[in-house]
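Q: Sending over a structure as structure tokens; questions will come in a sec.
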Amino acid sequence: MSKITEVKARQVLDCKGRPVAEVDVVTESGFLGRAGASTGSSVGANESFVLRDGDPGVYGGMSVYKAIANIREVLAPAILGMDVQDQEAIDRKMIALDGTRYKTNLGGNAIYAVSVAVAKAAAAENHLPIYRNLADGPIPYLMSPSSNVINGGTYYGKTQAFQEFMILPHGVDTVEESVRMIVETFYHLGDLVQKYNGGKPAMGNYSGWGAPSDDPFEVMDLIARAVDDLGFTGHMAYALDCASSEYYDEEKGLYRWRGDYVDRDFIIGQLAGLAERYPIAFIEDALWEEDFEGFALASRKVNTVIVGDDFLCTSLDRAEKAVEMGAARGMIFKPNQAGTLTEAIETARYMMDKGLLVIPSGRAGGTLDSPEKEIAVALGAWVTKTGAPRSGSRTNGFNFLLRVSEELGVKQTNIMELPIFAHLKH
């Protein structure tokens with residue numbers, strides 16, 4: 001047993017300059033675990049609550065001093081003296097102290113920062129990185145990287161509804177080779193976007209290229225052309241993050257689409273057409289986050305793996321409901337959505353035990369020390385989202401994979417050998 005002897009909290013900034021809570025956990029042996037509480041730009045309604053101060057005169061209301069006070073006055077006294085290696089007991093105590101489904105009393109950001117700091121302190125005590133400390137045994141392979149290359153939003157006077165268009169190399173043994181293919185494709189694609197527009201390509205909201213068209217088929221054609229020009233066609237799959245809740249109008253019950261409104265059958269039809277034309281490995285958040293029936297319909301009609309981000313929010317009860325309904329065969333893994341590492345890992349293991357897809361992803365503009373990829377390596381995830389290959393917060397994910405690949409000396413996943421991706425062979 002190694003007792004927690006000190007818990008400190010402070011306000012720092014994330015990669016978008018937004019205030020976040022950061023926590024230090026110190027053990028009696030003097031080992032330190034430090035973690036910040038990432039949050040996203042696109043936030044699902046069912047994520048654990050991010051407690052902010054709401055004072056418009058301080059950081060535009062984004063400061064987190066209330067969360068920090070809760071760490072210092074409530075959470076820290078409760079976990080002092082507890083065994084740093086007993087992650088579940090610590091997390092369960094914090095969950096009980098808050099007492100709400102979404103951690104609205106103390107703040108999911110307050111609880112999460114402590115949870116991750118505990119995990120890092122425990123790993124430091126054992127002289128191990130988190131992925132080795134959490135793994136049940138030897139790590140036999142490393143997950144394959146996928147990368148967003150074109151971002152939705154409004155550029156060049158056109159609005160692309162889908163949030164991210166991604167590429168996923170396959171049929172190569174090493175992460176180093178996958179990263180090379182991603183980077184070369186990304187920058188060649190920038191040249192094609194420039195030719196398509198006749199001007200300098202815009203940088204997208206998520207560091208990819210700004211979408212040059214409001215038609216997803218035109219966007220995919222451009223990406224496929226870049227892949228083909230480089231000779232990667234036989235070794236590249238694709239993926240989409242629709243982030244459909246972002247363009248769904250709840251009052252109308254319709255989706256905003258190219259200057260008009262369309263229903264879910266239209267969106268499903270678009271996705272089915274894209275999956276018929278291109279080898280799409282997975283589609284994220286195909287529909288509005290509360291449309292379980294629609295997700296089930298999309299899972300039946302679209303020849304790909306439908307996964308949930310805002311739809312599932314790394315939440316066990318939502319994951320169980322979606323799996324039982326046939327509404328999702330995968331999940332984006334963002335531990336801060338759950339609020340503690342214990343809950344996030346429990347949800348990931350539920351999905352993986354059923355042979356379903358778990359894809360770790362950082363938050364847009366989150367903290368550099370966000371642990372989702374380390375945890376996913378320990379759990380044996382097959383695929384990860386790394387972001388576009390530019391800006392420090394996103395290249396950080398690529399560099400993590402390259403370093404871990406060297407340390408472990410293992411091959412990356414070959415997605416074509418996984419039953420979950422059998423549709424890519426047809």
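The values are calculated or read from the model by the stated rules, or taken from the named source; none is laboratory data. Model, not experiment: these values are computed from the prediction. Backbone-built Cβ (ideal geometry, glycine too); neighbour counts: all protein chains shown. Areas reflect the complete protein model, heavy atoms only, side chains present, ligands, DNA and RNA absent. Shrake-Rupley method; radii C 1.70, N 1.55, O 1.52, S 1.80 Å.
Q: What is the number of the single condition among (1) open to solvent by less than 10 Å² (accessible area, probe 1.4 Å); (2) over 30 Å from GLU177 (Cα atoms); (3) assigned to a helix (DSSP H, G or I); (4) of a type in the set (Gly, Ala, Ser) that ALA226 does not meet?
A: Unmet for ALA226, out of (1) open to solvent by less than 10 Å² (accessible area, probe 1.4 Å); (2) over 30 Å from GLU177 (Cα atoms); (3) assigned to a helix (DSSP H, G or I); (4) of a type in the set (Gly, Ala, Ser): (2).
Q: Still on this model: Which one is least open to solvent (accessible area, probe 1.4 Å) among residues in the stretch 229-276 that are more than 26 Å from the chain's Cα centre (by Cα) and charged (D, E, K, R)?
A: Once the filter is applied, the top-ranked residue is ASP263.
Q: Let me ask you something else. Does ASN70 meet the test of being modelled with pLDDT under 95 and out of contact with any His (no Cβ under 8 Å at 6 or more places or on another chain)?
A: Spelling it out, it is not the case that ASN70 is modelled with pLDDT under 95 and out of contact with any His (no Cβ under 8 Å at 6 or more places or on another chain).
Q: Still on this structure, I have one more. Give GLU289, GLU320 a once-over and let me know the one that is open to solvent by 10 Å² or more (accessible area, probe 1.4 Å) and more than 18 Å from the chain's Cα centre (by Cα).
A: Among GLU289, GLU320, only GLU320 is open to solvent by 10 Å² or more (accessible area, probe 1.4 Å) and more than 18 Å from the chain's Cα centre (by Cα).
Q: Only one of (1) touching a helix residue (DSSP H, G or I) at 6+ places or on another chain (Cβ under 8 Å); (2) surrounded by fewer than 18 Cβ atoms within 10 Å (Cβ to Cβ) fails for ARG72. Which number is that?
A: Among (1) touching a helix residue (DSSP H, G or I) at 6+ places or on another chain (Cβ under 8 Å); (2) surrounded by fewer than 18 Cβ atoms within 10 Å (Cβ to Cβ), the lone unmet condition for ARG72 is (1).
Residue-by-condition table, conditions (1) within 26 Å of the chain's Cα centre (by Cα); (2) of a type in the set (Val, Ile, Thr):
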position	(1), (2)
GLY40	yes, no
ASP53	yes, no
ILE68	yes, yes
ARG72	no, no
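Q: Of the conditions (1) in contact with a strand residue (DSSP E or B) (Cβ under 9 Å, 6 or more places away or on another chain); (2) touching a residue at least 60 places away in the same chain (Cβ under 8 Å), ARG277 clears all except one; give me its number.
A: All conditions are met except number (1).
Q: I'd like the full set of residues that are in contact (Cβ under 8 Å) with a residue 24 or more places away in the chain and over 18 Å from ILE71 (Cα atoms), limited to the stretch 47-61.
A: If the condition is that a residue be in contact (Cβ under 8 Å) with a residue 24 or more places away in the chain and over 18 Å from ILE71 (Cα atoms), then GLU47, TYR59 are the ones that fit.
Q: Right, ASN46: in a loop (DSSP other than H, G, I, E, B), under 30 Å from TRP288 (Cβ atoms), of a type in the set (S, T, N, Q) and open to solvent by 70 Å² or more (accessible area, probe 1.4 Å) or not?
A: no
Q: For residues in the stretch 1-43 being acidic (Asp, Glu) and over 23 Å from ARG394 (Cα atoms), which is most open to solvent (accessible area, probe 1.4 Å)?
A: Among residues in the stretch 1-43 that are acidic (Asp, Glu) and over 23 Å from ARG394 (Cα atoms), the one most open to solvent (accessible area, probe 1.4 Å) is GLU28.
Q: Determine which single condition MET94 fails, assuming it passes every other condition in (1) outside any loop (DSSP other than H, G, I, E, B); (2) buried (at least 20 other Cβ atoms within 10 Å of the Cβ); (3) out of contact with any helix residue (DSSP H, G or I) (no Cβ under 6 Å at 6 or more places or on another chain).
A: Exception for MET94: condition (3).
Q: Looking only at residues in the stretch 395-410 that are open to solvent by 40 Å² or more (accessible area, probe 1.4 Å) and part of a helix (DSSP H, G or I), which one is nearest to SER178 (Cα to Cα)?
A: My answer is LEU402.
Q: Considering only residues of the stretch 133-189 that are aromatic (Phe, Trp, Tyr) and assigned to a loop (DSSP other than H, G, I, E, B), which is nearest to ALA117 (Cα to Cα)?
A: Ranking the qualifying residues of the stretch 133-189, first place goes to TYR141.
Q: Residues of the stretch 364-385 being modelled with pLDDT under 90 and of a type in the set (Val, Ile, Thr), which ones?
A: THR367
Q: Could you tell me which of the residues MET331, MET325 is buried (at least 23 other Cβ atoms within 10 Å of the Cβ) and not charged (D, E, K, R)?
A: That would be MET331, the only listed residue that is buried (at least 23 other Cβ atoms within 10 Å of the Cβ) and not charged (D, E, K, R).
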